[in-house]
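S.K.: Here's a structure for you.
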Amino acid sequence: MPQPDRPAWIEVNLSAIANNISAVRQFVSPTTQVMAIVKANAYGHGLIPASRAAIKGGASALGVALLQEGVALRSAGITAPVVVLAPTMPEQADSIVVHNLSQTIGHPDAIPPLEAAAKRHNTRARIHLKVDTGMGRLGLLSDEVLAFAKKIDQNPHLFLEGIATHVAWERAEYMDKARHQIKTFSACLSKLTDISVTWRHAANSVMTVHMPESHFDLVRVGLLTYGIPPTQGAGALSLSPALSIKARIAQVRNFSAGQTLSYGGTYTLTRPSRIALVPLGYADGYNRQMSNKSQVLIRGKPCPVVGAICMDVIMIDVTDIPPVAVGEEIVLLGQQGDRKITVNDLAQWGNYISHEVVSLLGARLPRHYIS
Ligand SMILES: Cc1ncc(COP(=O)(O)O)c(C=O)c1O
């Protein structure tokens, strides 16, 4: 049941998350493991419940961006390997080590604070060495990796748990560039045969589906975890979308032809119309760029969002469906009857990417978990 204090909410199906991870596991070879990417509040799905569901589905590791996300997982009692994918600050090294988190390193300067923290706590800091094969962001260049990997490998306070790269090219027309990055990474790995590493990893969701040679020991999947097909589709993978956005109609009002709606009068009614007000807006992550473009489902029928999306409300033209009542449930993302609105639909309407659609969903929308 939705929370009584907010007639707009997110519904997360935790079985869908577990099933998606299990589908990815079956899709990759038995020697490849799966890391569920749970940064940004598990792409809006809720860090702790989504992480538990991913582990239940067979994820071997969790990927976060921030120390605070890793600490939250540990505080919730989650003991699975957690890899911090983004750089952290030197003063955060103690916390990384104490919480047994693995840190991605893309620069030699990041090592001394972790080594010192590991010494202080009489343990070894877990390191994933990032190789920049063309992303131009975090990572050592491939000809710097061998010497640096040896140093880590020989250091009693460091444990080289992973070697990773990240691909910059997601669209079909750039797959040759993506393949080139994977070849560069393979060539780099071939020089490291004397060094044992638990996980060599490179693939995000689109690579996992479309480039088997990028799988190595582990795939890092965000979109696939949540049942969102990547840009080029999900191929043979059968995914279940995990997240729906729902709300209740707060008001229904009749307007005459000629009335303009909402800020800036971007929509003018051309006929007498019935307009429903729904209590959710761009402050909840319902992107303002979708104004006059997106649709919602009411009684299983698509109805247009009209006028500028406001901070806390949107307006829907319900003239073409039988009279609706205050309190009636609508679907802004997800399925109602036979009709669906997908993350990719919202991304297209708002001219943003599917990662943004879910990760920008606001904290003030209550999450309601089903399984
Ligand atoms: C380093 C890294 N790996 C994997 C992913 C997962 O990407 P996707 O959601 O496209 O699978 C991300 C997401 O941003 C990332 O930053």
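The values are calculated or read from the model by the stated rules, or taken from the named source; none is laboratory data. Model, not experiment: these values are computed from the prediction. Because the Cβ atoms are built from the backbone with ideal geometry, glycine has one as well, and the counts that use them run over all protein chains shown. Heads up: the accessible areas ignore ligands, DNA and RNA and are worked out on the full protein's heavy atoms, side chains in. Shrake-Rupley method; radii C 1.70, N 1.55, O 1.52, S 1.80 Å.
S.K.: Considering only Ser75, Thr225, Ala16, whose Cα is most displaced toward the positive end of the charge dipole of region 14-226, charges sitting on Cβ of Lys, Arg (+1) and Asp, Glu (-1)?
M.R.: Checked the options; the winner is Ala16.
S.K.: Rank-order 342-349, 188-195 by packing density, defined as the average count of other C-beta atoms within 10 Å over each peptide's residues, highest first.
M.R.: Ranking the peptides 342-349, 188-195 by packing returns 342-349, 188-195.
S.K.: So, with a 1.4 angstrom probe, what is the percent of accessible area on region 243-341 that is carbon and sulfur?
M.R.: Carbon-and-sulfur percentage of accessible area, whole number: 48.
S.K.: Pairs of alpha-carbon atoms within less than 8 angstrom and 6+ residues apart define the contacts here; what relative contact order does the chain have, in percent?
M.R.: 18 percent
S.K.: Restricting things to Cα coordinates, could you compute the convex hull volume per residue of the chain in Å³?
M.R.: Here the figure is 145 Å³ per residue.
S.K.: Over the chain, how many pairs of lysines fall under 17 Å by alpha carbon, counting only those 8 or more apart in sequence or from different chains?
M.R.: For the chain, the number of qualifying lysine pairs is 13.
S.K.: Over its Cα atoms, what ratio of radius of gyration to 2.2 N^0.38 Å does region 57-107 give?
M.R.: In units of the 2.2 N^0.38 Å rule of thumb, it is 1.07.
S.K.: Evaluate the distance, in nm, between pseudo-label points positioned 7 Å from the Cα of Thr79 and of Lys151 along their respective Cα→Cβ axes.
M.R.: In this crude label model, Thr79 to Lys151 measures out at 3.5 nm.
S.K.: Okay, moving on. Can you work out the FRET efficiency for the pair Arg299 and Asp5, with r the C-beta to C-beta distance and R0 = 22 Å, to the nearest 0.05?
M.R.: 0.30
S.K.: Per residue, how many Å² of accessible area does region 27-171 show with a 1.4 Å probe?
M.R.: On a per-residue basis, region 27-171 sits at 43 Å².
S.K.: Using the Cα gyration tensor of region 20-131, with a ≥ b ≥ c the square roots of its eigenvalues, what is the shape: rounded (a/c below 1.5), prolate (a/b larger than b/c) or oblate (neither)?
M.R.: In terms of gyration-tensor shape, prolate.
S.K.: Sort 169-177, 314-322, 119-127 for me by packing, meaning the mean count of neighbouring Cβ atoms within 10 Å per residue, highest on top.
M.R.: 314-322, 119-127, 169-177
S.K.: Rounded to the nearest 20 debye, what is the charge dipole size of region 14-226 about its Cα centre when +1 sits on each Lys and Arg Cβ and -1 on each Asp and Glu Cβ?
M.R.: 380 debye
S.K.: As I understand it, the dipole of the chain uses +1 on the Cβ of Lys and Arg and -1 on the Cβ of Asp and Glu, about the Cα centre. Which of Leu333, Ala257, Ala363 lies farthest toward its positive end?
M.R.: It is Ala257.
S.K.: Given contacts defined as C-alpha pairs under 8 Å and at least six residues apart, what's the relative contact order of region 14-226, whole-number percent?
M.R.: Taking the mean separation of contacting Cα pairs over the length of region 14-226, I get 19 percent.
S.K.: Note down the relative contact order for region 243-341 as a percent, whole number, built from C-alpha pairs under 8 angstrom at least six residues apart.
M.R.: 34 percent
S.K.: Rounded to two decimals, what ratio of Rg to Rh does region 14-226 give with C-alpha atoms and a Kirkwood Rh?
M.R.: Expressed as Rg/Rh, it is 0.95.
S.K.: A further question on this structure: Would you kindly calculate the mean projected area, averaged across all directions, of the convex hull enclosing the Cα atoms of region 243-341, in square nanometres?
M.R.: Mean projected area of the Cα convex hull: 5.7 nm².
S.K.: Still on this structure, I have one more. About its Cα centre, how strong a charge dipole does the chain have in debye, to the nearest 20, once Lys and Arg get +1 and Asp and Glu get -1 at the Cβ?
M.R.: That gives a dipole near 460 debye.
S.K.: Something else: Using modelled backbone amide H atoms (1.01 Å from N, in-plane), which distant-in-sequence or interchain residues come within less than 5 Å of Gln295's amide H?
M.R.: Val305
S.K.: Taking the Cα centre of each part, how many Å lie between region 164-199 and region 200-214?
M.R.: The distance from the Cα centre of region 164-199 to that of region 200-214 comes to 9 Å.
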